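**Student:** Below: one structure in C-alpha cells.
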Amino acid sequence: MTAHRILLGITGGIAAYKSAELVRLLKKSGREVRVVMTRGAEAFVAPLTFQALSGEPVRTSLLDPDAEAGMGHIELAKWADQIVVAPASADFLARLANGMADDLLTTLCCATEAPIALAPAMNQAMWSNQRTRRNIDLLANDPQVQLWGPDQGSQACGDVGPGRMLEPAALFELIAGANVGALSGKRVVITAGPTREPIDPVRYISNHSSGKMGYALAQAARNAGASVVLISGPVALDAPAGVDRRFVTTAEDMLKASGQAVDEGCDLFIATAAVADYRPDSIASDKIKKTNDAMNVAMVRNPDTLATIAARPDAPFTVGFAAETRDVERYALDKMSRKGLNMIVANDVSVQGLGFNSDRNAVTVFWEGGRETLGPDTKADIARLLITKIADQLTHKETS
Ligand SMILES: Cc1cc2nc3c(=O)[nH]c(=O)nc-3n(C[C@H](O)[C@H](O)[C@H](O)COP(=O)(O)O)c2cc1C
C-alpha cells in the first residue's frame, strides 16, 4: 500500500523552491498533503506558496497557542502515513540524528510512528563533512528512516559533487512506492570501481571506472530495503548511507572479498566493477629503473569474480554489467550466456558524456526473454530504475 497522507517537511535550503513542484505532483495524484516548514525554510519560500498548493494551512511553529489548543503536533504526527523532509538541511539532519525536538518538524519526527524519508540537499563540502557523515550514519541505521539521495552534479553555489536534492519527479516516484521495499529483507552484494594490478611498489595498471554506477546502485538497493555489502576498488567516493563498504585493490582481492560476502548470505549479486582481465605475471620488489628504451610486462589472466560467483552451486541471482565500445548488444548477450547470468546491463562507453567517469548513463538491460532501455539519465535515476527491474525479475524467479 502506498502512502496517502503525506506530511512534507521543508527545511532551510536553496532547494526549498523545488518542493513546490513536489506538492503539486502529490496533490495531482490525489494524495492529501500537509506542509510543515522550519524557520530556516521560511527565509527561502513563503508559506503562502505551499498553502495555495496543498490547500491546507502551513504549520511553522511548535509553540503556537492556537494550533496547539488541541495538541496539534501530536494530531499531525498521528495523521501522517509518511513523513518526507525535502530538502533536509545539514542542520535538520544533525538535530534529527541526535533526537532533538526543538521545533515543530523535529518534534513531529519524534512523536510519529510513520516512516520518515529524508531528501538531503546541501553543498558538497557540507555533505562530505565528517560531522554530517556521522549524523547520516546514525540516521541510516535508524529503522524508521530512509535516505533518498542525494544526487551528484552541479550545485547552486557553483560547486560540483554530491549533495543535490533528488528531483521532485524522482521523489514523487519514491513516495508513490515505485521501489520502496522492493528488496525488503534481501541481502545484496555489489562490486564497484576499478581494480589496480601492481607492476612494482609504485606503479599499477588500472582503468577509468569511477565506481559511480555501483555506488548509486548500492544506495538504490539500500533505499529499496536491502542490506547491502559494497565491495569497492579504489575510488574517491563517500560510502552510501547505511551500506557496508569493503575496500579491495586487485582482482584477486575482489574475488576473495566477494566470495566471503556471498558466504555470509546473498540473494542478489550485482557486478559493476571494472575488474582488470590481466595482471602482471610478477611484481618487481623494487621500483623498476628507466634503463632500457622499451619494456615488456608479461601479463597473466585474472580470476573472473562474476563467473565464479555465478557458477557456485548456491549461486545468488546474478547481474553483470558490460561496458563495450562496439557491438554492445552482441557482446552483452554473449557474456550473459557464457557466464550463466540472470541479467546483464549493457552500456556503450564510446558515447561522449555517458558511462565512464560521468554522472549520467544510458543502458539496456537484458534478461531471458526481455529487454529494456533506460536513460540517458543521472546515474542515481538509472540505478533506481534498474533496482526496480532487477527486483521484478528476482521475484519472478523466486515465485516461478
Ligand atoms: C543562501 C543560503 C543557502 C543555504 N543553502 C543550504 C542548503 O542547501 N543546505 C543546507 O543544509 N543548508 C543551507 N543553508 C544553511 C541553512 O539555511 C542553515 O543551516 C539553517 O540553520 C537551517 O535551518 P533548518 O534546518 O532549521 O531549516 C543555506 C544558507 C543560506 C544563507
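FYI, it's all coordinate maths here, none of it is from the lab. Predicted, not measured: the structure shown is a model, and the values here were computed from it. Virtual Cβ from ideal backbone geometry, glycine too; neighbours counted across all protein chains shown.
**Student:** Between Gln82 and residues 5 or more places away or on another chain, which pairs have amide H atoms under 5 Å apart, with H built 1.01 Å from N, and which residues are they?
**Tutor:** Close amide H contacts, sequence-distant or interchain: Arg5, Leu7.
**Student:** Spelling out what I want: for every residue of segment 234-242, take phi, set θ = phi - 60°, compute 6.51 cos²θ - 1.76 cosθ + 1.60 (Karplus), and round to whole Hz; glycine and proline get x.
**Tutor:** In residue order, the calculated couplings are x, 9, 9, 10, 6, 5, x, 4, x Hz.
**Student:** Hey, could you grab the Kirkwood Rh for the chain? Inverse mean 1/r over distinct alpha carbon pairs, Å, one decimal.
**Tutor:** That comes to 22.6 Å for the chain.
**Student:** Limiting things to C-alpha atoms, what are the Rg and the maximum Cα-Cα separation (Dmax) for segment 297-387, in angstroms?
**Tutor:** Both quantities, over Cα of segment 297-387: 14.1, 43 Å.
**Student:** If you don't mind, another one. Highest first, please rank the peptides 72-82, 262-272, 330-340 by the mean number of other Cβ atoms sitting within 10 Å of their residues.
**Tutor:** 262-272, 72-82, 330-340
**Student:** Another question, then. If you wrap segment 43-102's Cα atoms in a convex hull and average its projection over all directions, what's the area in nm²?
**Tutor:** Value for segment 43-102: 5.1 nm².
**Student:** Structure shown: which of Lys335/Lys379; Lys290/Lys379; Lys256/Lys379; Lys290/Lys335 lie over 30 Å apart, alpha-carbon to alpha-carbon?
**Tutor:** Listed pairs above 30 Å: Lys290/Lys379; Lys290/Lys335.
**Student:** How charged is the neighbourhood of Lys212? Take every other residue with its Cβ under 12 Å from the Cβ of Lys212, and add Lys/Arg as +1 and Asp/Glu as -1.
**Tutor:** Once all neighbours under 12 Å are counted, the net charge is -1.
**Student:** Which one of Gly55, Gly13, Gly242 has the biggest mean-square fluctuation once the chain is modelled by GNM with Cα springs under 10 Å?
**Tutor:** Gly55
**Student:** Still on this model: Around Arg371, under 14 Å between beta carbons, what's the net of Lys plus Arg minus Asp minus Glu among the other residues?
**Tutor:** Computed value for this residue: -2.
**Student:** Distance in nm between label sites at Cys157 and Glu68, each 7 Å beyond Cα in the beta-carbon direction?
**Tutor:** Each label point lies 7 Å from its Cα, and together they span 3.4 nm.
**Student:** If the cut-off is 16 Å between C-alpha atoms, which lysines fall inside it for Lys397, apart from same-chain ones fewer than 8 positions away?
**Tutor:** Within reach: Lys186, Lys389.
**Student:** Specify the angular offset, from 0 to 90 degrees and rounded to the nearest 10, of the alpha carbon long axis of helix 19-28 from the longest principal axis of the alpha carbons in the chain.
**Tutor:** So the inclination is approximately 80 degrees.
**Student:** Kindly express, to the nearest 10 degrees and within the range 0 to 90, the angle between helix 251-263's C-alpha long axis and the longest C-alpha principal axis of the chain.
**Tutor:** Approximately 50 degrees, to the nearest ten.
**Student:** Also, quick follow-up: 5 Å is the cut-off here: which amide hydrogens, built 1.01 Å from N in the peptide plane, fall below it relative to Val248, excluding neighbours closer than 5 in sequence?
**Tutor:** Ser232, Gly233
**Student:** Oh, and also: Under 5 Å between amide H atoms, partner at least 5 residues away or on a different chain: which partners does Ile283 have, H built in plane at 1.01 Å?
**Tutor:** Sorted by chain and number, the residues that satisfy this come to none at all.
**Student:** What do you get when you divide the Cα radius of gyration of segment 5-175 by 2.2 N^0.38 Å, with N the number of residues?
**Tutor:** 0.96
**Student:** Nearest 10 degrees is fine. How inclined is helix 379-399 to the longest principal axis of the chain, computing both from alpha carbons?
**Tutor:** 80
**Student:** log₁₀ I(q)/I(0) of segment 187-399 at q = 0.09, 0.13, 0.17 Å⁻¹, via Debye over equal Cα point scatterers, no solvent, to two decimals?
**Tutor:** For segment 187-399 at q = 0.09, 0.13, 0.17 Å⁻¹, log10 I(q)/I(0) is -0.35, -0.71, -1.18.
**Student:** Moving to a separate point now. Just to confirm a number: summing +1 for Lys and Arg and -1 for Asp and Glu over residues other than Val188 whose beta-carbon lies under 10 angstrom from that of Val188, what do you get?
**Tutor:** Residues close to Val188 contribute a combined charge of +2.
**Student:** Taking the chain as a Gaussian network, where each spring joins two C-alpha atoms under 10 Å apart, which residue of Val228, Val160, Val345 fluctuates the most?
**Tutor:** Per the Cα network of the chain with a 10 Å cutoff, Val160 tops the list.
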